[in-house]
1. Quote the relative contact order of segment 249-385 in percent (integer), defining contacts as alpha-carbon pairs under 8 Å separated by 6+ residues.
2. Here are some pairs, LYS34/LYS128; LYS128/LYS167; LYS108/LYS223; LYS108/LYS418; which of them have Cα atoms lying more than 23 Å apart in this structure?
3. Mind checking which aspartates and glutamates have their Cα closer than 12 Å to the Cα of LYS367? Skip sequence neighbours fewer than 8 apart in that chain.
4. Dipole size in debye (nearest 20) for segment 287-425 around its Cα centre, Lys and Arg Cβ +1, Asp and Glu Cβ -1?
5. GluC sites (Glu not before Pro) within segment 45-133: which are DSSP loop residues with at most 16 other Cβ atoms inside 10 Å?
6. Can you give the helix-only mean residue ellipticity at 222 nm for the chain, where every DSSP H stretch with n ≥ 4 adds -39500 (n - 2.57) and the sum goes over all residues, rounded to the nearest 500 deg cm²/dmol?
7. Based on the mean of other Cβ atoms within 10 Å per residue, sort peptides 12-19, 142-149 so the most packed one is first.
8. What is segment 35-361's relative contact order, in percent, from Cα pairs under 8 angstrom and six or more apart in sequence?
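Read-outs: derived from the displayed coordinates by stated rules, not from any lab. This is a predicted model, so every value here is computed, not measured. Here the Cβ is made from the backbone with ideal geometry for all residues, glycine too, and neighbour counts use every protein chain on show.
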Amino acid sequence: MVKAETVDKAYEVAKERYAEMGVDTEAAMKQLEKVALSIHCWQGDDIHGFLNPDAELTGGIAVTGNYPGVARTPDELTADLHEALSLIPGTHKVALHMIYAVAKDGKKKDFNDIRPEDFDYWIDWAKKEGIGLDNNGTFFSHPNVKDNMTVASPDKAIRDYWIEHGKLTREVSNYIGEKLGQTCYNNFWVPDGFKDNPIDKRTPRERLLASLDEIEAKPYDEKNTQDSFEGKLFGAPGIESYTVGSHLFYDNYAITRGHLWTIDAGHFHPTEDVSDKFAAYFPFTKKDLFMHVSRPVRWDSDHTVIMDEALVRITRSLVRDNYLERTHLGLDFFDATINRVAAWVVGARATQKALLQAMLEPIDQLKQAEYDADFTTRLIETEELKSMPFGAVWDKFCQNNGTPVGMDWMQNIHQYEKDVQFKRN
C-alpha cells in the first residue's frame, strides 16, 4: 500500500518542478475536480438491460468474453457501479439506456411500453449516491430493427415504431432531469445503414431527417434535458458500406436544429485525428458537445479506454482550446474479458489522468511562443513536459479525494470479486 507520506513527498517535488515552468498544480487539481464523467452502465451487464435480458444483441452491437461476475439484476448492477464510483476520484454521473428501465410490476415490457416511472429505481439510487443521470435511446436488439433500419426504414410501420421510441426517450430524460434537478443529456445513436453499396444514398437520409424532426417536435425545458446526436463512419456487422446517420449528417442536424453533437472516439476512420474536430465544430454553434470516450482497435470495437496517444490528444485539445466547459465527457466501451468493475475504473481514471496532464501545461506561455513564431521554444517545452512528474500530482489528487493511490485499488477489486461477483456464478 502506498504510504501517505510518500505521496506527499513526491507531490512537493512535483509541485516545485511545475512551478518552475509556471504551472500551478493546485489549480490544475481544482480544475479536474470539476469534471464529471458520465459512466456508462452497460459495461456492467454486457448491454442486456432489464426489459428482456435474454435477448440476443443485434444492430451492430457485440460483446466478447465471459469473465465471471456479470451483473444480472438492478441491485447487482448498481452495487457494481457504486464500487466503481468509490474508486474513481471526484463526483460523476451514470449514463443509462432505455433497456435499463426497471418495471415496477416486475414484468417484461416492450421498448415502447416503458413509462418514465420505470426509472424511479435509478432516480432513487442516484439521489443516494449524490450523482446525476444521462440517457440513451435503445435502437437495437429488437425485432423491429428490420434490414438494419429503424427511423430511416422504408417501412412506415417500422419507422413509426422507432419514432415513438425516440419521443419516449425524450419524455423519460425530461422526467429524470426534473426529478434530479440537473440536466439529463439524452443521446441518439441509430444503426441504420447498408452492408453493401446502396444505389440511393439520398432517400434514407431524407427519411431520417423527417423522423428526427418528428421526434423533436415537442419542446422540453433544457434545464431538465438536452438531446445529442451521434454519428458513425461505419458499423460491423451489417453497415460497413453506408451509414445513414453519418458524422456530417448529425453535425449539420445538431447545428441547424439547436442540439448537441456527439463525437464518439471510436466512430471515425483509424487515421483520423478526433482531437482536430472540436475547433472545427464549436465556432458554428452555441450548443455544447457530448464526447464519448472509447477506444477502437482497427474498428469501433469499444475496448476499455487507456491513456493512449489518441486520448492524450483529445484531452489536450479540449483543455488548450478552453472547450472543456462546453464538452460533456462520457465513457462508452464494453469488455467482458476482464473484471467489468475494473474496466470502468481503468477507463475513467485514464481519462482523468489525460485531462490532468493537459491541465499541467503552461498553456499561455506555449501559445505566446506560437504567436511569436518561436517554434523552437514550443517544441522544446512540449517535449520536456512529457517527462514531468505528473504522476505524483495524480496520486495527490487521488489522495485528496479519498480514493486509492496507484495500484492499491486492485486490492478492492480482488476483494469485491471474492465477496460479491464470484458468488453470482
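1. 22
2. Going by Cα-Cα distance, LYS128/LYS167; LYS108/LYS223; LYS108/LYS418 fall outside the 23 Å limit.
3. Filter leaves ASP321, GLU381.
4. Using only the charged Cβ atoms, the result is roughly 600 debye.
5. The qualifying sites are GLU56.
6. -13000 deg cm²/dmol
7. 142-149, 12-19
8. Averaging sequence separation for qualifying contacts and normalising by length gives 20 percent for segment 35-361.
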